[in-house]
Amino acid sequence: MIPYPHPQCNSASPLAEHNQFILTNQNKEPVGSDGKNINHLNPDNWMSWQEATDKAAQTGFELAYVITEDSPIVCVDIDKCIDPVTRQYDERAMRWFGIFGDRAYCEMSRSGLGLHFWGMAEQGLGKVFYNRIKDEYEFYEKDRYIILGQAIQGQMTDITPDLKANLKPRPVATALPETGAVPEYTGPTDDNELLSMAINSRGSAAATFGDAPRFVDLWNGTGLDKWYPSQTDGKEIDYSRADSALLSQLAFWTGRDTARMERLWLLSPMAQNRPPLSMKKLERTDYRTKSVTGAAALANAVYTKPRAVLPGTETDLLRSFPASSFHGKPVPERSWLVQNWIPGDNVTLFSGSGGGGKSTIALQLAVSTATGSPWLGRPVRRGKVLVLSAEDPADEQHRRLSPIAQQYGLSLDQLSDLHLVDRAGEDAVLASQCGNTGLRETSLFSNLVSLVESIKPVLVVIDTLADTFGGNENDRVQARRYVSMLRDVAMRNNAAVVILSHPSLSGISSGSGLSGSTAWDGSVRSRLYLERIAQNEYEPDPDIRRLSNKKLNYGRSGSEITVRYVNGVFVPNQTHSADHEVAAKQKFLELLNWHIEHGIEVGPNNGPNFAPKKFAEHSESQSFTKAVFRDAMNSLLSSGQIIVAEVGPPSRRKSILALPEPQGQA
């Protein structure tokens, strides 16, 4: 059991022999006894323990200790590790209590929610270990003041071994090339091209650097007060830390080319627009050299993606390989989310009219994937799911998921592998138009990529295309570019990406389900369409929908599932079984008889007179589709109930469907 603070305990007694105390006001700013702001790093402003406690009692100011490079005193700060309601320590607090035992002097912070572990240690640990790991710890060994709290336990001893064993090590510095970039670097040699790539990067570099601002923020110097607040009086930003962050990213983008890093650093708006004191520091050659070489030496990655180049200008990176190299290797299995419906590592476009139920069916797919339950009667690859919804808010998602879970025999607490992003009513654009025909990835797309890399889903659902695509849907180049962006996410993460969309009026009337440029259909590898079943604008059963596979690059398209809406969920229509197939064949025979009686020839092959197509368009089709009639035709041909006859002169023979002559008739 870890004790709580003693109300009357002298909290600073282990520090009292070091005369480095100051006062702080209610805003946690360092002040003198007159209330005026002071520089906490100026020794003239420091006081002894006794003087500081007396002044604090007189003024009501808080007592703080200044940690400096010349003193062996260090502090590990664990923030928000005490529950404000139960007053219980969390796992982080208990772990650090276990690490130090009574070897470190521990106190509760003035907020009552954090802990300070004080001890003595070798100087320079911050050069070898990270000073801060978000949501874990902050380690201070210089240039920082800590407001003292209430004592809990322990003594001030040497905690160097404990710190070395538990602080996170920084990457080990590696040797730098004498000039230029490292050999494995494949980035552009042109500075403008490099900066364009870095500024518009969508997150792969950010993943290399971990929890940090984007390159564009560092380059322009925006939001630095949030990421790098200064601890020095009169300064809002710690430009030394900001410089280090920008140089770390420049090391990645330049291949650790120190000369190029320094040149680009000094060209940045962040370098050129800073306060006079920070500018004076930047003008020092020793500061620039130390900052650049330090960042380059510690860089643990550089840009190595292959890029196309013009033959004759650099080494041609387009290399061929003989097909014979496949010999002896096992044929890779194709990845599916839903066999013969949704590829497992590519993009599927799922269209349907507004209010038709596609969002519900997509959520059913998400639940099926997250729990391993069948989707509309079909097995699904199990795994985590990410749903980005720009149409329906969280409350609507809740309302829809509840009956889905009930239908699947699940409770909502079993959906921990289904992750939702609510962007309803907010900007959800993943790609915006750039110039007349260009398309640029947005920062939100970078966030999406990072989220996918973190969650590692096998399915990503984007609802809808209209909300997330900021370009011109009729522009072929932009359509292909957007699908290519999402395909890159799919292939890199072995995840199916399903985009929901709305068809145009012509797409509805034609039954294609398309809208905008035909490049949408050409670019995706699978396309699904959900439609109501109507005949001459009459809908016999408003609860029935038809889900069809309009395109499938990796298999036969044209498959259909007839579903019924029941209690908030779509289920396979029970009539779409053997009885349905019998009815379809019966209707096919009726319509074939009708066409023969009226002297209209229909055939078994695709073309203007393709029988399934002509019959589906007939007013008496009873809403049977071309795909259903095609299956009926093939079944009737196999059973001999209809035949293929050759008619016409020898020079222009053609195949038509006919009925066999009755047995016994000559």
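The values are calculated or read from the model by the stated rules, or taken from the named source; none is laboratory data. Quick caveat, the model's predicted, so the values are computed rather than measured. All Cβ positions, even for glycine, are placed from backbone atoms using ideal geometry, and neighbour counts span all protein chains on display. We work out accessible area using only protein heavy atoms, side chains counted, and drop any ligands, DNA or RNA first. Shrake-Rupley method; radii C 1.70, N 1.55, O 1.52, S 1.80 Å.
Note down the net charge around Arg110, summing +1 for each Lys or Arg and -1 for each Asp or Glu among other residues with Cβ under 11 Å from its Cβ. Result for the local shell: -1. Each other residue within a Cβ distance under 14 Å of Ser512 adds +1 if Lys or Arg and -1 if Asp or Glu, for a net charge of +4.
Take 276-284, 512-520, 605-613 and order them by the average number of nearby Cβ atoms within 10 Å per residue, most first; the result is 512-520, 605-613, 276-284. Taking only protein heavy atoms and a 1.4 Å probe, the accessible area of the stretch 405-561 is 45% carbon and sulfur. To the nearest ten degrees, helix 578-597 and the longest principal axis of the Cα atoms of the chain are 50 degrees apart. Scoring 556-565, 394-403, 339-348 by mean Cβ neighbours within 10 Å over their residues and listing the highest first yields 339-348, 556-565, 394-403. What the Cβ-Cβ distance of Glu29 and Ser432 gives, at R0 = 35 Å and to the nearest 0.05, is a FRET efficiency of 0.25.
The distance between label points at Val647 and Asn474 comes to 4.4 nm (points 7 Å beyond Cα on the Cα→Cβ vector).
Against the main long axis of the alpha-carbon atoms of the chain, helix 476-493 sits at an angle near 70°. Counting only the Cα atoms, the chain fills a convex hull of 252 Å³ per residue. What FRET efficiency comes out for Arg440 versus Asp395 if R0 is 41 angstrom and r is the Cβ-Cβ distance? Round to the nearest 0.05. Result of the calculation: an efficiency of 0.80. Between Asn42 and Glu69, the simple label model (points 7 Å from Cα in the Cβ direction) yields a spacing of 2.0 nm. In degrees between 0 and 90, to the nearest 10, how far off the longest principal axis of the chain does helix 49-59 point, with axes built from Cα atoms? Orientation of helix 49-59: about 70 degrees from the principal axis. Counting Lys and Arg as +1 and Asp and Glu as -1, what is the net charge of the other residues whose Cβ lies under 10 Å from the Cβ of Asp417? Summing Lys/Arg as +1 and Asp/Glu as -1 gives +2.
Helical content of the chain, expressed as a calculated mean residue ellipticity at 222 nm, amounts to -9500 deg cm²/dmol (DSSP H runs of 4 or more residues, -39,500 (n - 2.57) each, divided by residue number, nearest 500).
With distances taken between every two different alpha-carbon atoms, the stretch 32-132 has a Kirkwood hydrodynamic radius of 15.8 Å.
Its convex hull of Cα atoms gives the stretch 553-666 a direction-averaged projected area, equal to a quarter of the hull surface, of 10.5 nm². Counting only DSSP beta bridges with both residues in the chain, what percent are antiparallel, rounded to the nearest 5? Just about 65 percent of them are antiparallel.
Take the chain with all the other protein chains still there, run a 1.4 Å probe, and you get 51 Å² of accessible area per residue.
Peptides 639-646, 292-299, ordered by how many other C-beta atoms sit within 10 Å of their residues on average, highest first, read 292-299, 639-646.
Would the stretch 125-172 count as rounded, prolate or oblate if I go by the C-alpha gyration tensor, calling it rounded below 1.5 in a/c and otherwise prolate when a/b exceeds b/c, oblate otherwise? Since a/c reaches 1.5 and a/b is larger than b/c, the shape of the stretch 125-172 is classed as prolate. Distance between the modelled labels on Glu333 and Asn192, one decimal in nanometres: 5.1 nm (7 Å Cα→Cβ projection).
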